[in-house]
Structures are given as structure tokens and as C-alpha cells.
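What follows draws every value from the coordinates through simple rules; no lab data is involved. Being a predicted model, the structure only gives us computed values, none of them experimental. Don't worry about glycine lacking a Cβ; one is built from the backbone with ideal geometry, like all the others, and counts go over all protein chains shown.
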Amino acid sequence: MNLGQAIIEALESVSSNKLRSSLTILGIVIGVGAVIAMLAVGNGAQETITGSISGIGSNLLFVFRGNQTEELSHVEPLTLQDANALLDQFQAPSVDKVAPILSDNLQVTYGGEKTNPTVYGVTSSYKDVRNYSMSEGEFITDEQNLGRASVVLIGVDVADKLFGRRDGLVGETIRVEGQPFRITGVLVSKGGGSFGSEDNVIMVPFSTAQARLMRRNRDSVDTIFVSVLEPELMKQASDEISQILRERHRTSIGADDFTVFSQDDFVATAKTITGVLTIFLGGIAGISLLVGGIGIMNIMLVSVTERTREIGLRKALGARKKDILIQFLTESSLLSLLGGIIGIGLGWLIAFIVGRIAVASGTPFNPVVGVDAIILATVFSTAVGLFFGIYPANRAANLQPVEALRYE
Amino acid sequence: MTDNVIHVNELRKIYKIGEIEVHALDGVSFSIERGEVISIMGPSGSGKSTLMNLLGCLDHPTDGSYILDDEEVSELDDDQLAGIRNRKVGFVFQSFNLLPRATALANVELPMRYAGQVPDRRKRASEALESVGLADRVHHRPTELSGGQQQRVAIARALVNNPSILMADEPTGNLDSKSGKEIMELLLNLNKEMGTTLIIVTHDPRISEQTQRIIRLVDGKIAEAAA
């Protein structure tokens, strides 16, 4: 019996018991749909996150306190002096600008309105390092920094929240932790970013933050942003920075108490995280596919029992083991393949709806249904049908014709 | 030398039920000539079903030899037996055993599906249905046919591969006496026209008296093999 006939017979058999077939297929539909949707959401999340990280700037390095991989007994904080040392033209020729920052979430009020943005204490170089521009006013100057001026720059989210408008704000006074600050500039919107919204921020002079808003030990800083002269010099700059800080902190080799991160490192980390997330989600979805497969096995076993006489007859008419095996395997694969095809559609739909909901709630997020996911789901669902069909089909094929014919 | 389509020698079938051995067939020997019409009779438990299963190549004998159409079949494996059944044996069952969802034509085509490449499959199936008088019922399903008509479809199916022997197991058992009579007539006519050896398993003397020879089984042995 050739495969074409086997498929036609399987189709006849599947369609002769429509309710049962569709319920069986439903298990696979849900399984495949869940796998497709989860992979799409995972891929979409990955693209969104890596995309937003890529917006940070390709020539930017971050220096943090502490070590991500080693357990250290003593961690020296990063200080202003560390930041200044990185400007050494001889020890760090690849470094362009250095911007130490302090940051914290503080309460900001204006009139009756209040909000909790991220407050940055920055120096004048932060503007160039992070590529900020001003929609009005001026960025924080060195003079303001030296004089610990009570001035503040605000992001558009904060402007919206406190004033309900984005212009004509220079000269207004807002309170940060109860202390008055005069607005000297409004930042141009940067959109959503990897560190929360980059618009829900305010910036004050570094020295002001240090003296009045964020108490830190001595001259310690939270993060040092370093811009590198050329993107090609990233690795070199990273090495130079590490060398300087190692000398200053007198750390032993392999026990750095600081971490130098680039955009690529962030992307790699984010990819690892979203990758794990995708596998995790896909794995859970895969379990439902497994359950669907067991449903197929169950129905095929019932079908084999029901059709014992038919199997006996077919054998009496000359069907070999192989013929019966193919007949039932074709039927189970067909069931799961049908389920797989419908499931791909369902998964696509779910991914689309998730994307729409995300966009509606303000997160630019585009789930990606890849060709690889479709092929994977088709192959996998058919394989599930084959695998879970093997046992019932074998049982059918091994029936003895005499006993099968006698079966009532 | 006579032309024997079947030659059976000391054929035995022993079933083991737990510790007990049941000698369902206890060494039977006989021959059947090509074109003969034979009936196998015996009370229940006499081994006539076992003998039919062995002659129809549905089961393996425990011991003894069975030559069907010049081929020793007692030592063949399951798949080889399936091939023999497909080519050399036609079955007619008491309960017809048609595929309920398939048309008469598709039912008759079924043995050819398992025979490999058969040209003009559809044409041969329709001819077979015509020869049993069902030319106008080709596209009907079993549920749309009377018992007698269903049995005719089964006979067409049994003959479509031109078998050497036709095994009929109580072919009229589920039919009223009129259709039963018609079916017997049809079987005997086909035997005359096509020369296919006909073996009928029955307990009905009115059937067996229409055959040329009766093999009577008692306790797994042949009691009488008279003409």
C-alpha cells in the first residue's frame, strides 16, 4: 500500500469521527500555539531589549563598583579621584571624556504634584558622554558644579507630571527632597530605554547631589561613564581603565573590585537573560505539546481497540505488519500535523495580540514569529504524532489475524 | 497424478492455556483437488475453526505440513503468510466483515491495495462486482445494502485477486433462507465458471449436502472423509 492511499484512508478515518478528531487535535493546537507564541514573545523581547541597549551609544563604557563573577572580601568604592585619573592622556590615550555620576530615586514636588524620578548628580561632561540635548535652557556647567548651585534639569516625563507641559519651564522652582531647585533646562526626550524611561529623570550638579541629596562616603561615585575616542578602541580603552583602577585600588590580579562594561557586554547579558527566558517559556509550552501528544496516543489506542476486527480483516486480505503500522502512524501524524498547522495560526494570533497589548500600554514591542519556529513546530508536532502513534500502531500491527477477527 | 491444490499431512495445532495443552487439531491428513467443492463439518470444539484458520493461512500449525498450490506454507513467517493470503486465499465470513465507511467498490479494491502494483484496479473491482450481480450497487456503502448484497460484495472481494482457494466460514449463517440459498447458488456457480476451489465451513447439513465431499472433524481428528 503506498503512502498516498495511506493518507487518503487516514483522512477518511479522521473525518469519519469529527468530534473525537477535533478534540484530539485541540491538544496539539494548544501545545503548538503556546510554543509558537512563547518563542515569538521571547524573540520580540530580545529584539526590543537589545535594540534599546544599542541606543546607548557604541563608544560608551560603564565602570561599576564590585565584581560580577568573583566573591571579594574588600571592595573599594569608585571615587572622583578614580574618575579624574582616567583622564590621564598617557595612561589612557583612548579615553575621550569621563563622567562620574551619583544616582538615586528621590521625591520631587511642585505645588501639589509629586513624582519619584531618578535623580542624577552629573558633571558637565555627562552631556557629551550620553549625547543629551536640550529642548530649552542650558546643561549643567562647571561653574554650577563648583558652586554647588541649586539648579536642576528635568526630563519630559517629569515635566508632564509636574507641569503638564514641556516648555516655558526654565526659571520655575521645584523641590527635591523638600529643597528648592531652579529649573535651568529641559532635556530632549530619549524615549524608553534599558534602564527604565530615560525621560523620567532630573539632573543636578554632581557636587550639589553629593553635598545635599545623596550622602556617600568621602568622594565615592556610583558609576563612571567613559566615552572612547573611536568605537574600534573599546577593548583597548577598557584595558587602560582596568590598569589604572587596579593600580589605584591595589587589587591583586584576577580580583578586580570594579567592572568595566560596554554596550556589547550589556547586549550579551541581555541576550543571555532573554534566551533563558525564551527557553523557559518555550519549555513550559512544550509540556502542553507533550500532553497533546499523550492525548493522541490515548485516542489512537481507543481507535486500535475499536477497529480490532477491521485490522483482522485487513490482515486476512493480505495486509502485512508494515501496512497496518503505516496506516495507524499516518493517522496519528496526520492528526498532529493538522493540529500543528492550526496551532501555528493560533500562536501567530496570540503573538500578534500580545504585541498589540504591549504597544497599547506604551512599550514598543514586536513579537517575531520566525520561519525557524514554524518549521520547528511543524516538525516537532509531526514527530510527537509519530512518537505517540508508535505504540498504538505497533499494537495494531502485532494483532494476530485469528484473534482480531474473533474480537467482538 | 491428480492436481491437488491442498495437501495436508499430519497437521497439528496445540494451544497452551496456562498449564493445560489443548490439542485443537490432532494430526489430520487429506488432500483437496483443484476445483473441488468441500465442506468441513463438526460440532463446536471439534477443531473445524482451527482447521479453517490453518487452511486459510491465518495461523501457524504447531506441527505437520501444509502444501498450498505447490508451496509449503507451514514454516512461513507472518508477513509471508500475509502475502499467501493476499494471492491465494479468498475469505468469505459469516458476518461479511466489510469496511463500513467504504463503498462496495472500495471494499472490493482493498485486497489489491495490499498486492502491490495492480493495473486497472478499479476496472477489476467493478468486474468482480458485476460477476456477483451487483453492477448497479458499486457506489453504495454496506449500510445501504441488504445482508445478501453485503455477502455478495464480500464474495467479489474474495475473488478479485484470483485466489487458488475460497474459504467460506458459515457464509449463509447471518442470512435469511432465501438470500442464503442465493448465496450458495452464486458460490457454486462461480466455482463452476472460474474453477476456484471452494471450502465451506458449516454445521448446516443443507449446505454440506450441496458439496462434493464432506470432511467431518471430531475431537481434532477426521472422522470420515467420504465422497
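Beyond 27 Å, what share of the Cα-Cα pairs of region A:77-250 is found? Please give it as a whole percent.
The calculated P(r) of region A:77-250 puts 28 percent of pairs beyond 27 Å.
Would you please give the residues with an amide H less than 5 Å from that of B:Ser74, counting only those at least 5 places away or on a separate chain, with H modeled from the backbone geometry?
Under 5 Å from the amide H of B:Ser74: B:Tyr66.
Give me the distance in nm between label points sitting 7 Å out from Cα along the Cα-to-Cβ direction at B:Glu33 and A:Tyr407, one decimal.
Modelled inter-label distance: 4.2 nm.
What is the Cα centroid distance between region A:98-170 and region B:118-139, reported in whole angstrom?
Taking the Cα centre of each part, region A:98-170 and region B:118-139 sit 92 Å apart.
May I ask you to evaluate 6.51 cos²θ - 1.76 cosθ + 1.60, the Karplus curve with θ = phi - 60°, for each residue of region B:203-211 and list the ³J(HN,Hα) values in order in whole Hz, giving x for glycine and proline?
In residue order, the calculated couplings are 10, 8, x, 5, 6, 5, 6, 7, 9 Hz.
For chain A, just the Cα atoms, rotate onto the principal axes and tell me the three extents in Å, largest first.
Per principal axis, max minus min of the Cα coordinates gives 102, 53, 35 Å.
With Cβ to Cβ distances under 15 Å as the rule, what net charge do the other residues near A:Ala404 carry (K, R +1; D, E -1)?
For residues surrounding A:Ala404, the net value is +1.
May I ask you to derive the FRET efficiency for B:Arg87 and B:Ile17 from their Cβ-Cβ distance with R0 = 35 Å, giving the value to the nearest 0.05?
E between B:Arg87 and B:Ile17, to the nearest 0.05, is 0.55.
If Rh is defined by the Kirkwood formula over all Cα pairs and Rg also comes from Cα, what ratio Rg/Rh do you get for chain B?
That ratio equals 0.97.
Can you work out the FRET efficiency for the pair A:Ile8 and A:Ser361, with r the C-beta to C-beta distance and R0 = 41 Å, to the nearest 0.05?
For A:Ile8 and A:Ser361, the calculated efficiency is 0.25.
Please give the calculated 222 nm ellipticity per residue for chain B, where each DSSP H segment of at least 4 residues contributes -39500 (n - 2.57) and the sum is spread over every residue; nearest 500 deg cm²/dmol?
Helices in chain B give a 222 nm mean residue ellipticity of -10000 deg cm²/dmol.
Put a dot 7 Å past each Cα toward the Cβ at A:Ser58 and B:Met194; how far apart are the dots in nm?
Output for this residue pair reads 8.1 nm.
Go through A:Lys322/B:Lys192; B:Lys123/B:Lys192; B:Lys123/B:Lys178; B:Lys192/B:Lys221; A:Lys322/B:Lys48 and tell me which ones have a Cα-Cα distance over 28 Å in this structure.
Table pairs above 28 Å Cα-Cα are A:Lys322/B:Lys192; B:Lys123/B:Lys178; B:Lys192/B:Lys221; A:Lys322/B:Lys48.
From a point 7 Å beyond the Cα of A:Leu72 in the direction of its Cβ, which residues of region A:244-265 have a backbone N at a distance under 20 Å?
Under 20 Å, as judged by backbone N against the label point of A:Leu72, lie A:244-263, A:265 of region A:244-265.
Within straight cross-link reach of A:Lys127, meaning Cα distance under 25 Å, which lysines are found once same-chain residues fewer than 8 apart are removed?
Here the lysines satisfying the reach criterion relative to A:Lys127 are A:Lys97, A:Lys161, A:Lys190, A:Lys235.
For A:Lys271, list the aspartates and glutamates whose Cα falls under 19 Å from its own Cα; do not include residues on the same chain fewer than 8 positions away.
Excluding near neighbours in sequence, the set is A:Glu47, A:Asp372.
Evaluate E = 1/(1 + (r/R0)^6) for B:Ala223 and A:Ile294, where r is the Cβ-Cβ distance and R0 equals 41 Å; express this FRET efficiency to the nearest 0.05.
Result of the calculation: an efficiency of 0.15.
Determine the sum of side-chain charges near A:Ala211: Lys and Arg each +1, Asp and Glu each -1, restricted to other residues whose C-beta is under 12 angstrom from that of A:Ala211.
Counting the neighbours of A:Ala211, the net charge comes to +3.
Translational diffusion coefficient, Stokes-Einstein: compute it for region A:160-277 using the Kirkwood radius over C-alpha pairs as Rh, at 20 °C and 1.002 mPa s, and state it as an integer in µm² s⁻¹.
117
State the extension gain, in nm to one decimal, for the chain segment bounded by A:Gln400 and A:Phe90, taking 0.36 nm per residue of separation less the distance between their alpha-carbons.
The span from A:Gln400 to A:Phe90 would gain 102.7 nm if fully extended.
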